[in-house]
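The structure appears below as structure tokens.
The values are calculated or read from the model by the stated rules, or taken from the named source; none is laboratory data. This is a predicted model, so every value here is computed, not measured. When we count neighbours, we look across all protein chains shown, and the Cβ atoms used for this are built from the backbone with ideal geometry, even at glycine. What goes into the accessible areas is simple: the full protein's heavy atoms, side chains included, and nothing from ligands, DNA or RNA. Shrake-Rupley method; radii C 1.70, N 1.55, O 1.52, S 1.80 Å.
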Amino acid sequence: MDTPKLGKPMWFDLTVENADEVSDFYAAVVGWEKQPLSMGEYDDYVMKVPKGGEGATGICHARGSNAYIPPQWLIYVMVENLDASIEKCKNLGGNIIGEKRKMGEQHYCLIQDPAGAYMMIYS
């Protein structure tokens with residue numbers, strides 16, 4: 001995986017009610033290989049490039065802490081300071097969707113721009 005760079009899209013994922021079926025759809029249509037990722041009571045999926053390649057994207061169930069995420073492909077973009085970017089988003093007419101969350105050493109947050117488009121920002 002690339003070293004994270006500020007402002008560069010670094011990950012893409014899709015959160016849907018039926019991640020099992022949708023991940024099968026993309027495996028057939030795009031050729032991604034489906035790798036389960038345990039979320040405890042269920043699996044989300046890392047979709048890998050064909051023939052044992054690296055993770056290309058994720059397909060997740062809209063459950064638990066992901067229940068509020070809209071069913072669309074989201075890009076994840078690294079920012080220098082997540083809290084400062086969250087404040088700038090609010091000040092410029094955007095919305096914060098859900099709460100700031102942590103995965104590993106990184107924190108991330110779903111934002112919505114004034115036009116209604118969504119993006120996940122993280123640092």
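List of remarks:
- Residues of type lysines that K34 reaches as a straight line, Cα spacing below 21 Å, ignoring anything fewer than 8 places off in the same chain: K48, K51
- Karplus 3J(HN,Hα) series, Hz, for region 38-52 with 6.51 cos²θ - 1.76 cosθ + 1.60 (x for Gly, Pro): 5, 10, x, 8, 7, 10, 9, 9, 9, 9, 9, 4, x, 6, x
- Taking all Cα pairs closer than 8 Å and separated by 6 or more residues, the relative contact order of the chain comes to 24 percent.
- The 3J(HN,Hα) values that the Karplus relation (6.51, -1.76, 1.60; θ = phi - 60°) gives for region 80-94 are, in residue order, 5, 9, 4, 4, 5, 5, 4, 5, 4, 4, 4, 5, 9, x, x Hz. Gly and Pro appear as x.
- With both labels modelled 7 Å from their Cα along Cα-to-Cβ, the E54 to N95 distance reads 3.5 nm.
- Structure-based [θ]222 nm, the chain - -39500 (n - 2.57) summed over DSSP H runs of at least 4, per residue, nearest 500: -5500 deg cm²/dmol
- Span from the region 100-114 Cα centroid across to the region 1-48 one, whole angstrom: 17
- Charging the Cβ of each Asp and Glu at -1 and of each Lys and Arg at +1, and nothing else, the dipole of the chain about its Cα centre rounds to 340 debye.
- For P(r) over Cα pairs in 10 Å bins from 0, in percent, the value computed from the atomic coordinates appears in the list (i) 13, 42, 34, 11, 0; (ii) 14, 49, 34, 4; (iii) 12, 45, 36, 6, 0 under label (i).
- Partners of K8 within straight-line reach, counting aspartates and glutamates whose Cα lies under 15 Å from its Cα and excluding those fewer than 8 residues away in the same chain: E80.
- Amide H partners (placed H, <5 Å) of I97, local residues excluded: L110, I111, Q112
- Label-to-label distance for L37 and Y118 is 1.6 nm, based on points extended 7 Å past Cα in the beta-carbon direction.
- Share of carbon and sulfur in the accessible area of region 17-123 stands at 52%, probe radius 1.4 Å.
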